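The values are calculated or read from the model by the stated rules, or taken from the named source; none is laboratory data. These numbers were taken from a predicted model, which means no experiment stands behind them. No Cβ is skipped: glycine too gets one built from the backbone with ideal geometry, and neighbour counts run over all protein chains shown.
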Amino acid sequence: MSRRTPRANGRAKDVSRVGLAGMMVMIAAALTMTACTAAPGSSTEQPAASPSQAVSPEVTATVDPAVASATSAVESTLKTLVAGNPKPDREAVRAALVSAGIPKDSVEVSVSRTPTGLDVDAMEAAARTGDSCIMGQIREGGVVVTVLPVLATGKCFVGDAR
């Protein structure tokens with residue numbers, strides 16, 4: 001049984017076909033939404049871990065004293081360097097790290113100028129200590145230091161800009 005309803009343009013529209021299709025879409029959407037909701041009175045939240053469960057002794061990492069010492073040396077050296085010059089050049093960074101006691105062959109420093117002669121936005125310096133790379137970044141007069149694993153090449157940087 002088809003009903004016809006008048007429309008603004010004067011043509012009649014078959015409501016039964018449009019209504020049936022629209023109703024099927026609405027039913028499918030309602031079923032989908034119902035399947036995604038929890039039953040009344042149930043909780044989907046997981047209980048928070050108690051402070052004793054938050055950090056287990058197995059998860060706590062031990063820091064190699066040589067890496068901790070090198071990290072401290074890199075951070076203090078770079079901070080002292082940028083205090084006097086917020087945009088030091090490559091050789092100044094290398095010389096400062098070597099004078100801080102980091103072996104010259106363990107120091108890697110990124111370029112300080114672009115190929116077109118402009119200052120770079122950030123410089124990276126690395127000191128390799130054992131299986132770790134102490135990475136220091138100088139950006140806008142600030143210093144951030146992190147420890148990363150040595151690459152398979154035995155270096156801290158990818159490529160040949162050392």
(request) Could you identify the single residue in ARG90, ARG94 that is of a type in the set (D, E, K, R) and either over 16 Å from GLY141 (Cα atoms) or touching a residue at least 40 places away in the same chain (Cβ under 8 Å) (or both)? (result) ARG94
(message) I want to confirm something. Restricting to region 72-117 and keeping residues that are buried (at least 18 other Cβ atoms within 10 Å of the Cβ) and charged (D, E, K, R), which single residue is farthest from GLY154 (Cα to Cα)?
(response) ARG94
(request) Please work out which residue is farthest from GLY154 (Cα to Cα), limiting yourself to region 118-137 and to residues that are crowded, with 18+ Cβ neighbours inside 10 Å and hydrophobic (A, V, I, L, M, F, W, C). (result) MET123
(message) Let me spell it out: the conditions are (1) in contact with a strand residue (DSSP E or B) (Cβ under 7 Å, 6 or more places away or on another chain); (2) modelled with pLDDT of 90 or more, and ARG162 meets all of them except one. Which number is the exception?
(response) (2)
(request) Report the residue count in region 90-112 for those that are of a type in the set (D, E, K, R) and in a strand (DSSP E or B). (result) 1
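Search region 107-140 for residues being touching a Gly at 6+ places or on another chain (Cβ under 9 Å) and free of Cβ contacts under 8 Å to residues at least 40 places away in the same chain, and hand back the single one that is nearest to VAL63 (Cα to Cα).
Restricting attention to region 107-140, the residues satisfying the condition of being touching a Gly at 6+ places or on another chain (Cβ under 9 Å) are 123-128.
Next, from what is left, pick out any that are free of Cβ contacts under 8 Å to residues at least 40 places away in the same chain: 123-124, 126, 128.
Numbers: MET123: 26, GLU124: 23, ALA126: 18, ARG128: 15 Å.
Checking each candidate, the answer is ARG128.
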(request) Please work out if ILE134 is modelled with pLDDT of 95 or more and in contact with a Pro (Cβ under 9 Å, 6 or more places away or on another chain). (result) no
